[in-house]
Amino acid sequence: MDLMSTGEISRDDVTNIRFDVMAAGSDTTAVTMEWAMALLLRNTGAMAKVRAEIDGALGGRESVTADSDVARLPFLQAW
């Protein structure tokens with residue numbers, strides 16, 4: 001914020017930078033998920049293992065998973 005007080009950067013610049021950082025972070029996550037899915041679709045054996053692991057760990061429930069569920073998905077974590 002020292003740059004704002006000296007006039008070297010404006011409030012609009014700070015707002016734009018914050019937006020860029022947020023957008024870049026969400027884009028990175030989306031691209032990572034897209035690549036993971038593409039790789040799993042190309043490797044049907046791995047996809048079958050992931051699906052079986054998820055079905056076993058989550059008991060077939062269709063609700064949103066929780067952070068605590070991730071510990072029961074070691075094969076998926078390895079991907």
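Any read-out appearing in this document is the output of simple, stated calculations on the displayed coordinates, not a laboratory observation. Values in this document were obtained by computation on a predicted structure and should not be read as measured data. With ideal geometry, Cβ positions are generated from the backbone for all residues, glycine too; neighbour counts draw on all protein chains shown.
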Length gained when the stretch Asp20-Leu41 is fully extended (0.36 nm per residue, less Cα-Cα span): 4.4 nm
Spacing of the two label points (7 Å from each Cα toward its C-beta) at Ser68 and Lys49, in nm: 2.8
Extension gain, Arg11 back to Thr28 (0.36 nm per residue minus Cα-Cα distance, nm): 3.5 nm
